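The values are calculated or read from the model by the stated rules, or taken from the named source; none is laboratory data. On a predicted model such as this, the values are computed, not experimentally measured, just so you know. Please note: Cβ atoms are built from the backbone with ideal geometry, for glycine as well, and neighbour counts cover all protein chains shown.
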Amino acid sequence: MKKQVLDFEKISRICGRLAYQILENNIYEDEILLVGIKEKGYEIAKIIEQKLKDITSSKVHLKSITIDKKNSNQISKFDINFNQIPKSVYLVDDVLNTGKTLMFAVNSLLKYDFDLIKTLVLIDRNHKRFPIKVDFKGISLSTNLDDTVKLISENKNLEAVLV
């Protein structure tokens, strides 16, 4: 049985708020880099990218990173090629469960010369097992450990459900 946690309208509104928070943290920067963790984190990052483009003249870059979920220490794909690396990067994921995926993604970003790495999630379940801090979160959701929160595409619109 699925229970809807967030519909597309709420996700869009949350992403708008997150875009403003990113902008407030980059008030003096002319470039912002969003890195979405594939698959659904990247979908959230695309929404935030569009919201940022609506509210700022800063250049917004969107990249993706793919983590092998069965072997999280393997970054299977991360394409970053800039003439000059933006100073700020925002790592975006959909749901923070244990923090393992986010931790490995942050680790892969440390290889680049960023001045600032911030983490951003749509839903924080507060079940972290790894020492990762979320800088920006859409909502906190208290759940049982056996519950699963997923972002699914329903008629080309994202929704968050509890299963």
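Considering (1) of a type outside the set (Gly, Ala, Ser); (2) in a strand (DSSP E or B); (3) touching a residue at least 40 places away in the same chain (Cβ under 8 Å), the lone condition that Thr101 does not fulfil carries the number (2).
Can you name every residue in the range 123-163 that is assigned to a loop (DSSP other than H, G, I, E, B) and without any contact (Cβ under 8 Å) to a residue 12 or more places away in the chain? Those that are assigned to a loop (DSSP other than H, G, I, E, B) and without any contact (Cβ under 8 Å) to a residue 12 or more places away in the chain: Asn144, Asp146, Asn155, Lys156. Please tell me if Asp135 is touching a Lys or Arg at 6+ places or on another chain (Cβ under 6 Å) and either surrounded by fewer than 15 Cβ atoms within 10 Å (Cβ to Cβ) or more than 18 Å from Leu6 (Cβ to Cβ) (or both). Yes: the conditions hold for Asp135. The number of residues in the range 141-155 being touching a helix residue (DSSP H, G or I) at 6+ places or on another chain (Cβ under 9 Å), surrounded by fewer than 17 Cβ atoms within 10 Å (Cβ to Cβ) and not polar (S, T, N, Q) comes to 3.
Taking (1) modelled with pLDDT under 90; (2) in a strand (DSSP E or B); (3) more than 14 Å from Lys40 (Cβ to Cβ) in turn, Ser108 satisfies each apart from (2).
Name the single residue, out of those in the range 56-104 being at pLDDT 90 or above and among the charged types (D, E, K, R), that is farthest from Thr119 (Cα to Cα). That would be Lys59.
Can you find a residue in the range 117-127 that is out of contact with any Asp or Glu (no Cβ under 8 Å at 6 or more places or on another chain), at pLDDT below 85 and under 25 Å from Lys63 (Cβ atoms)? So far as the range 117-127 goes, no, none of its residues is out of contact with any Asp or Glu (no Cβ under 8 Å at 6 or more places or on another chain), at pLDDT below 85 and under 25 Å from Lys63 (Cβ atoms). A search for C-beta distances below 7 Å between a residue of the range 1-26 that is assigned to a loop (DSSP other than H, G, I, E, B) and any residue that is surrounded by 16 or more Cβ atoms within 10 Å (Cβ to Cβ), counting only pairs 6+ apart in sequence or on different chains, returns Lys2/Val161; Asp7/Glu159; Asn26/Ile32; Asn26/Ser58; Asn26/Ser88.
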